[in-house]
Amino acid sequence: DTSAVQMPFPEGKKVKMFHVIAPVAEADVLIDLCKLKSHSLTKMSAAVKNLFGVIPGIEKFEMHATFPDYGDFVAMLCDLCEMLCRKKTVIAITDAVVGMEGNGPTAGTPRKIGALLTSPSPFASDLACEKILGFEGTVPLVREAVSRGLCPADAHALDIRGAAIDTVAVPN
């Protein structure tokens with residue numbers, strides 16, 4: 001089913017209503033499976049940005065046109081993710097076994113990282129990814145999430161199970 005369903009989010013800072021594909025609107029649990037990449041527009045593409053995929057096809061272009069300002073676009077992405085996390089169980093799985101660096105999301109080159117992240121919070125997952133890529137404190141989407149209290153300001157405050165972030169962080 002590719003029909004869209006309206007999902008209200010009056011708490012949104014930029015967007016108060018989203019159209020999402022019906023299967024997502026009807027689901028109780030969302031598995032947010034993404035690949036870790038650098039990104040020419042958002043600096044990094046991971047779990048939060050991946051949820052933009054729940055917006056029906058052509059409406060993605062409309063969202064880019066509606067929010068041409070980079071900060072507004074990032075705020076919209078945070079609203080979308082926050083809405084989904086408040087209404088559903090979201091499990092973020094970020095494949096960083098081999099990521100992508102360079103001019104992403106499509107024109108980059110593979111980069112071995114050797115990590116697989118899972119989290120009940122796409123925001124926390126992205127905070128960890130920001131640290132892994134050496135982008136700490138510079139990814140606007142993560143900074144927006146921190147400013148809203150959706151994740152801690154420092155990746156070391158996360159409850160990490162398995163390998164420590166510093167052991168999988170890329171050196172450059």
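The values are calculated or read from the model by the stated rules, or taken from the named source; none is laboratory data. Predicted model only: the values in this text are computed from it and were never measured. Positions of Cβ are backbone-derived with ideal geometry, glycine not excepted, and every protein chain shown enters the neighbour counts. Note: areas computed on protein heavy atoms with side chains; ligands, DNA, RNA excluded. Shrake-Rupley method; radii C 1.70, N 1.55, O 1.52, S 1.80 Å.
Taken over the alpha carbons of the stretch 1-101 as equal point scatterers, the Debye sum produces base-10 log I(q)/I(0) values at 0.15, 0.19, 0.25 Å⁻¹ of -0.61, -0.99, -1.50.
Probing with 1.4 Å while keeping every protein chain in the model, the per residue accessible area of the chain equals 48 Å².
What order do 159, 154 take when sorted by accessible area (1.4 Å probe), most exposed first? Each step should come with its number before you reach the end.
Numbers: 159 110, 154 65 Å².
Descending order: 159, 154.
The separation of the stretch 1-65 from the stretch 90-111, counted between C-alpha centres, amounts to 18 Å. In the elastic network of the chain, a GNM with C-alpha springs shorter than 10 Å, the most mobile of 148, 86, 111 is 86. Among residues other than residue 9 with Cβ under 14 Å from its Cβ, the summed charge is +4 (Lys and Arg +1, Asp and Glu -1). Pairs of Lys residues in the chain, spaced 8 or more positions apart or belonging to different chains, with C-alpha separations under 20 angstrom: 28 in total.
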